[in-house]
Amino acid sequence: RRESDVMSDRRRLSYVLITKRCFASRQHYHTSRCAKPTTKTNSHEPPTHKVTRKPWKELPFLTDLKETENPEEALSLFHHYQQMGFRHDYPSYSSLIYKLAKSRNFDAVDQVLRLIRHRNVRCRESLFMALIQHYGKAGSVDKAVDVFHRMSFFDCVRTIQSLNTLINVLVDNSELEKAKSFFDGAKDLGLRPNCVSFNILIKGLGFA
């Protein structure tokens with residue numbers, strides 16, 4: 001058989017397996033949602049609704065994503081799960097972004113970030129700190145700065161940790177003036193520099 005036919009068969013088999021895992025995930029999610037409570041609630045207290053989710057490592061999408069080496073295939077896998085009815089949440093989005101950023105597929109990262117903002121997925125500060133670091137390693141200082149400025153668009157509160165991450169990226173990329181500018185402007189952002197902030201600047205001055 002031709003190599004192209006073999007690859008096509010493998011791809012079809014892969015999608016069949018993914019589809020089965022998606023349905024299994026949906027069945028688990030539906031069962032956990034519909035299970036009746038075993039204890040009675042106080043009539044004077046408002047009812048609470050809790051959704052039981054498996055740990056991240058047990059989610060089929062995250063398992064398949066970890067085994068995917070090609071970044072483009074990772075994005076296709078994400079969309080395929082979505083088409084099969086799998087509801088992506090923060091663990092899905094963040095894991096995908098980490099994988100794409102690590103491979104420096106920043107166009108795909110921007111695409112996922114647009115989806116996150118459109119669907120109002122609340123993100124953790126650590127995700128943006130990692131993105132800032134990856135942009136810094138790639139020498140894309142302006143993109144790192146842009147990510148820092150846009151964090152509030154994703155309902156994410158900036159702290160001194162993310163500012164320190166940005167300042168460190170600027171120093172490592174020999175952008176000392178920009179680093180000092182962000183350090184001096186910390187107060188305007190409602191942030192207070194700490195010993196880490198000062199140590200980063202000292203490191204930069206030592207390289208100047």
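The values are calculated or read from the model by the stated rules, or taken from the named source; none is laboratory data. Because the structure is predicted, anything quoted here is derived from the model rather than measured. We place every Cβ from the backbone using ideal geometry, glycine too, and count neighbours over all the protein chains shown.
A compact table of results
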{"quantity": "Checklist (1) within 23 Å of Ala74 (Cα to Cα); (2) crowded, with 18+ Cβ neighbours inside 10 Å applied to Arg117, failing item", "calculated": "(2)"}
{"quantity": "Any pair with Cβ under 7 angstrom, 6 or more apart, that starts in segment 176-193 at a residue that is of a type outside the set (S, T, N, Q) and ends at one that is modelled with pLDDT under 95", "calculated": "Leu176/Gly204; Leu176/Ala208; Ala179/Leu201; Ala179/Gly204; Lys180/Leu201; Phe183/Leu201"}
{"quantity": "Whichever residue in segment 181-207 is among the aromatic types (Phe, Trp, Tyr) and farther than 17 Å from Val157 by Cα and, among such residues, is modelled with the lowest pLDDT", "calculated": "Phe207"}
{"quantity": "Every residue from segment 131-161 that is among the hydroxyl-bearing types (Ser, Thr, Tyr) and either surrounded by fewer than 14 Cβ atoms within 10 Å (Cβ to Cβ) or more than 22 Å from Asn105 (Cα to Cα) (or both)", "calculated": "Ser152, Thr159"}
{"quantity": "Met84 vs. criteria more than 22 Å from Gln161 (Cα to Cα) and of a type in the set (A, V, I, L, M)", "calculated": "yes"}
{"quantity": "Scan of segment 64-91 for residues that are part of a helix (DSSP H, G or I), modelled with pLDDT under 85 and of a type in the set (D, E, K, R), ordered by number", "calculated": "Glu72"}
